[in-house]
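> My structure is below; once you've seen it, I'll send some questions.
The values are calculated or read from the model by the stated rules, or taken from the named source; none is laboratory data. Source: prediction; values computed, not measured. We place every Cβ from the backbone using ideal geometry, glycine too, and count neighbours over all the protein chains shown.
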Amino acid sequence: MQPLRKSYRSLASTLLALALVFPLVAADKKPSNSETAAADSMERKIEHIKTNAAKEAPDQTPTIFTEDEINAYFAQRRLKMPEGVRSVVFELEPELVHATAVVDFDKITASRRSNNPLLSVFTGVHDVEA
């Protein structure tokens with residue numbers, strides 16, 4: 001059971017990192033009914049996790065996110081993020097979460113001023129993998 005917990009932690013960590021670091025720009029296409037249903041399902045699961053975490057004795061049953069749910073959730077911009085990323089796609093394998101995104105670092109840093117010289121390294125549009 002220990003490797004399974006690491007997978008969940010890894011998925012949660014990757015989702016959180018992408019949510020905080022990488023913005024998502026909406027696609028122009030209208031989502032299909034199945035994509036909307038998948039995104040709705042992920043939204044319900046996230047709400048369950050929040051509610052469950054607030055309980056004095058939370059339910060220990062794992063909440064499992066499917067690849068379709070995660071990708072639909074991000075494709076529909078259900079998570080508010082700054083501009084700069086054209087797409088985020090997750091691929092799930094046992095013990096592995098692989099995410100790719102197309103990131104426009106100039107859009108991300110356009111409205112932000114920083115004296116950090118490392119930020120000047122990140123310019124242009126790049127494929128990012130995590």
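> If a residue must be at pLDDT 75 or above and surrounded by 10 or more Cβ atoms within 10 Å (Cβ to Cβ), how many such residues does the stretch 112-126 contain?
4
> Tell me, which residue of the stretch 103-129 that is touching a residue at least 12 places away in the same chain (Cβ under 8 Å) and either charged (D, E, K, R) or in a helix (DSSP H, G or I) (or both) is nearest to ALA39 (Cα to Cα)?
GLU129
> In the stretch 91-102, is there at least one residue being hydrophobic (A, V, I, L, M, F, W, C), surrounded by 14 or more Cβ atoms within 10 Å (Cβ to Cβ), in contact with a Lys or Arg (Cβ under 8 Å, 6 or more places away or on another chain) and not in a helix (DSSP H, G or I)?
Taking the stretch 91-102 and keeping what is hydrophobic (A, V, I, L, M, F, W, C), we get 92, 96-97, 99, 101-102.
When the remaining residues are screened for being surrounded by 14 or more Cβ atoms within 10 Å (Cβ to Cβ), the result is 92, 97, 99, 101-102.
Narrowing the set further to residues that are in contact with a Lys or Arg (Cβ under 8 Å, 6 or more places away or on another chain) leaves 101-102.
Checking the rest, the ones that are also not in a helix (DSSP H, G or I) come to 101-102.
Yes, some residue in the stretch 91-102 is hydrophobic (A, V, I, L, M, F, W, C), surrounded by 14 or more Cβ atoms within 10 Å (Cβ to Cβ), in contact with a Lys or Arg (Cβ under 8 Å, 6 or more places away or on another chain) and not in a helix (DSSP H, G or I).
> Applying the selection to the stretch 79-90, what residues are modelled with pLDDT under 90 and either in a strand (DSSP E or B) or out of contact with any helix residue (DSSP H, G or I) (no Cβ under 7 Å at 6 or more places or on another chain) (or both)?
Residues satisfying the conditions are LYS80, VAL85, ARG86, SER87.
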